[in-house]
Each structure stands twice: as C-alpha cells, then as structure tokens.
C-alpha cells in the first residue's frame, strides 16, 4: 500500500476524552475515530489489525475442533425470557431494546447463549454427535452506564464468542480445558503478557470460570496474585490479618455518638480500633418479581463485596438502601443501623464470627453500644463470605501465602455453565441408555477490540505504538530520504515491489523525512527501510526496527533479511506445515 493512497491521518493533538494510553494513541495514529460515547469507527488501519487478531483466533479455534457460525444480532424477547435473562439485563439497563412494525420486542445482542442453544436444539439429537463446539466473531451491544477507555468499554464492540455442547460434566470439563489451551495459544501468539485468574460467572452462569487478564496499569480489573494462584478481586476468597479479640466478656453499655456516621469518625472519637467495630450495611435485593431487604455486618476495617452478596442471595441486582428506606425499615438512619433489635434478616461476614466486646449501632440515632457480644446481646447471625479481599490478606488456596494486587485488562473469559440454558430452552439429546438429557454447556469469549487495545497498553513508548509483529497492519515502512532524488525514489519503488508479500507501506508523500519517520513510529510499523545516499552509492538500505536496532542490508539480501525477521506464520503460513522453499514459491520469490 502506498501512503498517498491510504485513507489515514495522524494527529498531534491528544483527544480530550482519552483517559488511557491505548485510546490516545489509537486516535492520534488514525486507527479509530470517536462517533459518540462508546462508539468508534474502525479505519482501514484498525480493521487490518482486527482482521489479524481474528485470523489468529480462527486458526486456533479451528485447530481445536471448533466450527464457525454467524448468528443474528436481533433477538426476540421471548427467547431471552425463556432463560430468565431478559429481566436480569433490563434491571441493569444493559439491553438495547427495539420494537418492529408489529410491536414485537427485540434486543440487540450482548451475547448469544440463548440463540446458540436454540440452534442446536432438535438438530443435535444423539450423544454420538457430541461434543460440539461452535463460535463466531461479530458485533455485540451493551448499554454501558459509563463507556470509557476507548475500545476497553464501549456500547458496541467486536467479540469472539464460542459455545460447547457435551453429554456430561466430564466431557464439558474436557471442552473447557481444550478452550483454555487454545486461548493461551492465542494470547501468546499476540505477544501479550497475561495471567489466567479464577473469576465470577456474573450474569452468564455460576459454574467454573476463569479470565485471561493482560497485565496493565490502566486495567479496570484488580487481580489478586499469590504465587502461582491468581483470582479476580470480585471472586477472591481471603483471610484478613489476625486480630486478638478478648475472651472475658464485658458489660454492654450505651454511649452517645452525635453526628458520627463513619467508621473513621467513630474510631477517632471513641478510641476504639476499627477491628472492634461492627459495620452494618442495609441492602435492597432486586429479583424479577420482588424486592427484599437484608442487613450485612462486616468488620469495621473492611469492605463488603456486593457481587458476593448478590450471588449469596441469587438476586439480579444489589443496591444500597436509600435514607428513606433505611428510616422506614429501622426507624434510624445511615450510620446507625445495627444488629440489636433489628427487625430485618441479618447476616454477617465470617470474619465477624470471632468478634467479642465489639461496638455496634443499635438503630437509634446518635447512639452506639460498646461491649456487644453475639448470643448474649444479639442473635448470632448466619455467617457467610461477603468480604472484599485486600492486598496482604492470606490466600486460602496457598498455605502460608498472601495476596499481592495487580491491575489487569480482561481479554478473555471461559465458563462451564452446565445445563442452565439447555434446561431453560428444553434442549435435549438422547443418551446411550436411550434417555433424554439436557446438554452440558460451556461458553468462551474474547474481546477482539479490547485485546488489540491491551497490546497497545503493554507495547508503546513516547513515540507511539509498538505493535506485535503478528498484528501490525503493515510490517515494513519504506521511504526515500527525499523524493527529489530520482534514484532514491526508483529504489524505494523497486524495494516495495520486491518485498510486496511482506506487507510493506511505501511512503511516497512529498514530506520531510523526519515527519515521515514520526508517522511510522506513531503507527507502530515494526521496521523502517530508508533509501538514501547509502543506497545510491552502495545499493544498501538502512533498516531500523521499531525497538531502535539499526543495520545496513544490501539490496540483493533484502528478501532473505525479510524472511528471517518476518516469520512465515505472520504471512499466513504455518511453519510446521509449509517449508520455506514452498512458501517462497507460493510468494513468487
């Protein structure tokens, strides 16, 4: 491609809404253009990158035995109601919904579990046809509350989603491991520094689940790492540092705490450490057909993981009770809700179990109780895991180990979802014994656009993007030092034709060399080939890698150099299956 013909433009100005490096660089280099909140246009450069990412995904999926399909983006409401997720997603205001001329209601697809289950239902009828693994690469829609970070969190995004169907939990786990290995190969080929972490299934399902997290300071997710074990903060189980509680029980007393509603204020005024204060939070649990309230107790120095609360009570959503709701339910206000004489269901995190002689609110404004003890002063609650993990907590999975935190970008997610959707949509097959059984399913996703953005987050410098060779839109940037020198121009053209199978860009613009090289660095092209006086005098080309390595290569050695530095696999050949000689024949070299 000649740059004079390429539809692109670079910018010096930083996009005002860009919060992270990948968003800034992708817009400055002309890969994307913002159309609206969470909406981006992919330019020819970006589309080449996304096609290369998709090609790698396709290769590994096909190698793993998966088959590609294309599923509709418009889904009937009735199908989503069958699985129960219409209410789940509309409660979170994530669905885009539309009506047709006959007033039938639809949603724009955020995911395709229901549709793929409908497709397989009645087509796969026997255990002999299993396992089956289908995937697609296409657009998804989610009405994000706060679209941000460029391609990381948008209203419309490109995604690979895949689904496996098995005859048993054993086969389902085998498919899971096959996809786990395939995903690892994909992200390794993309040059990503990633970690596989235990995760929460969210609204997809509650079975076994893992995320592929690309390490990045700009990542939205917090990953808890303990030696070889990693887990998303949302799903992390942890044990806080030990605190020595007293054994002799003291007499409970009431103290005045006017206007003190935060743990920090309460601890400062009373000189009681937060570990001896019980914090009680009132939540509203939202279900498809009802709402309920529940009070959760947590140690004063810690926070509640609301996702764990939603999972524990199997609710669609969990929100904090309003001041008005708090007053109606307890007669008190925020900051003064406690377990004493509480007429609501009361639960507590298991870290509260050993607490003795602790301070707690008593549903009376401007008053707290000290030396409160379970059973003696208030009923012992049902204890559960509601704790939000923190760095330094002990890791239950690694004896003696403690967590460290790291930020990450979720680029892939795999789930075992069992029979959740096949049962809801009556998708059955006949077993070897002649009985009807629901399919065991798995679902597997890769964010294509956010994976490309994650590559930029990990690979850039002050000059611009440093694309991994596998997904660079063009591999070579060829330019004469000056277009006023006919020999240089002709030489650049000749080199461009010679290396046309190595995805070159020829900068034939009438611009200064420094301007051109800055564009090349901003675009992230892996190699610059500069045709100057050395070429005129010695027929040697100055080559500089994006990492700054420089060399001189004679014109007659350029093909050999290119084939050495740009592996055949990056040109669409499988090195294990095609010899170099055969590849060169196909490339007409």
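The values are calculated or read from the model by the stated rules, or taken from the named source; none is laboratory data. Predicted, not measured: the structure shown is a model, and the values here were computed from it. As a convention, Cβ positions derive from the backbone with ideal geometry for all residues, glycine included, and neighbour counts pool all protein chains shown.
Quick check on my filter: what residues within region 528-540 are part of a strand (DSSP E or B) and surrounded by 24 or more Cβ atoms within 10 Å (Cβ to Cβ)?
Scanning region 528-540 gives 529, 531.
Name the residues in region 37-67 that are without any contact (Cβ under 8 Å) to a residue 40 or more places away in the chain and farther than 23 Å from residue 469 by Cβ, would you?
Selection gives 41 alone.
Since residue 247 meets every condition but one in (1) touching a strand residue (DSSP E or B) at 6+ places or on another chain (Cβ under 6 Å); (2) assigned to a loop (DSSP other than H, G, I, E, B), which condition does it not meet?
Of everything listed in (1) touching a strand residue (DSSP E or B) at 6+ places or on another chain (Cβ under 6 Å); (2) assigned to a loop (DSSP other than H, G, I, E, B), residue 247 misses just condition (1).
Could you tell me whether residue 150 is closer than 21 Å to residue 412 by Cα and either modelled with pLDDT under 95 or not assigned by TED's automatic domain parsing to the domain that holds residue 39 (or both)?
Judged against the criteria, residue 150 is a match.
Please go through region 34-57 and give me each residue that is in contact with a strand residue (DSSP E or B) (Cβ under 8 Å, 6 or more places away or on another chain) and either surrounded by 15 or more Cβ atoms within 10 Å (Cβ to Cβ) or part of a helix (DSSP H, G or I) (or both), ordered by number.
34, 38, 40, 42, 43, 46, 50, 54, 57
Could you check region 58-104 and list, in sequence order, the residues that are in contact with a strand residue (DSSP E or B) (Cβ under 9 Å, 6 or more places away or on another chain) and at positive phi?
If the condition is that a residue be in contact with a strand residue (DSSP E or B) (Cβ under 9 Å, 6 or more places away or on another chain) and at positive phi, then 65 is the only one that fits.
It is to be established whether one or more residues within region 126-139 are under 21 Å from residue 37 (Cβ atoms) and surrounded by fewer than 18 Cβ atoms within 10 Å (Cβ to Cβ).
Yes: one or more hits.
For residue 516, indicate whether it is at pLDDT below 95 and over 30 Å from residue 154 (Cα atoms).
No; evaluated as a whole, the condition is false for this residue.
For every residue, the table says whether it meets (1) within 30 Å of residue 505 (Cα to Cα); (2) in the same structural domain as residue 101 (by TED's automatic domain parsing).
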site	(1), (2)
13	yes, no
25	yes, yes
34	yes, yes
44	yes, yes
54	yes, yes
57	yes, yes
67	no, yes
73	no, yes
85	no, yes
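Could you list all residues from region 207-237 that are in a strand (DSSP E or B) and surrounded by fewer than 18 Cβ atoms within 10 Å (Cβ to Cβ)?
Selection gives 229 alone.
Would you list the strands (runs of 3 or more DSSP E) that sit entirely within region 257-354 and hold 2 or more residues that are in contact with a strand residue (DSSP E or B) (Cβ under 8 Å, 6 or more places away or on another chain) and under 18 Å from residue 371 (Cβ atoms)?
Of the strands (runs of 3 or more DSSP E) lying wholly inside region 257-354, those with at least 2 residues that are in contact with a strand residue (DSSP E or B) (Cβ under 8 Å, 6 or more places away or on another chain) and under 18 Å from residue 371 (Cβ atoms) span 278-286, 291-299.
Tell me which residues, restricted to region 395-409, are part of a strand (DSSP E or B) and over 21 Å from the mean Cα position of the chain (by Cα).
402
Just to check your reading of the model, which residue among 392, 434, 412 is under 30 Å from residue 127 (Cα atoms) and assigned to a loop (DSSP other than H, G, I, E, B)?
Every option except 434 fails the conditions.
Has region 507-521 got at least one residue that is outside any loop (DSSP other than H, G, I, E, B), surrounded by fewer than 19 Cβ atoms within 10 Å (Cβ to Cβ), within 36 Å of the chain's Cα centre (by Cα) and not assigned by TED's automatic domain parsing to the domain that holds residue 563?
no
Here are the criteria: (1) assigned to a helix (DSSP H, G or I); (2) out of contact with any helix residue (DSSP H, G or I) (no Cβ under 9 Å at 6 or more places or on another chain); (3) more than 29 Å from residue 66 (Cβ to Cβ). Tell me which single one residue 484 does not satisfy.
Result: residue 484 passes all but (1).
Scan region 19-33 for residues that are assigned to a loop (DSSP other than H, G, I, E, B) and crowded, with 18+ Cβ neighbours inside 10 Å and report the count.
Residues that pass the stated criteria total 4.
Return yes when residue 492 is under 41 Å from the mean Cα position of the chain (by Cα) and crowded, with 17+ Cβ neighbours inside 10 Å and no when it is not.
Judged against the criteria, residue 492 is not a match.
Tally the residues that are farther than 21 Å from residue 265 by Cα and surrounded by fewer than 18 Cβ atoms within 10 Å (Cβ to Cβ), restricting the search to region 321-339.
Qualifying residue count, region 321-339: 6.
Picking from 137, 124, which residue would you name as being in contact with a strand residue (DSSP E or B) (Cβ under 8 Å, 6 or more places away or on another chain), assigned to a loop (DSSP other than H, G, I, E, B), closer than 20 Å to residue 65 by Cβ and not assigned by TED's automatic domain parsing to the domain that holds residue 289?
None of the other options fit; the residue is 124.
Return yes or no: is residue 429 in contact with a strand residue (DSSP E or B) (Cβ under 8 Å, 6 or more places away or on another chain), more than 30 Å from residue 158 (Cα to Cα) and either crowded, with 22+ Cβ neighbours inside 10 Å or not assigned by TED's automatic domain parsing to the domain that holds residue 152 (or both)?
In short, yes.
Scan region 446-462 residue by residue and report those that are part of a strand (DSSP E or B) and either modelled with pLDDT under 95 or surrounded by fewer than 22 Cβ atoms within 10 Å (Cβ to Cβ) (or both).
460, 461
In region 471-487, which residues are without any contact (Cβ under 8 Å) to a residue 60 or more places away in the chain and surrounded by 24 or more Cβ atoms within 10 Å (Cβ to Cβ)?
477, 478, 479, 480
What is the residue count in region 293-320 for residues that are at pLDDT below 95 and within 17 Å of residue 343 (Cα to Cα)?
0
Give just the number: which of (1) surrounded by 15 or more Cβ atoms within 10 Å (Cβ to Cβ); (2) at pLDDT below 95 does residue 259 not satisfy?
The number of the failed condition is (1).
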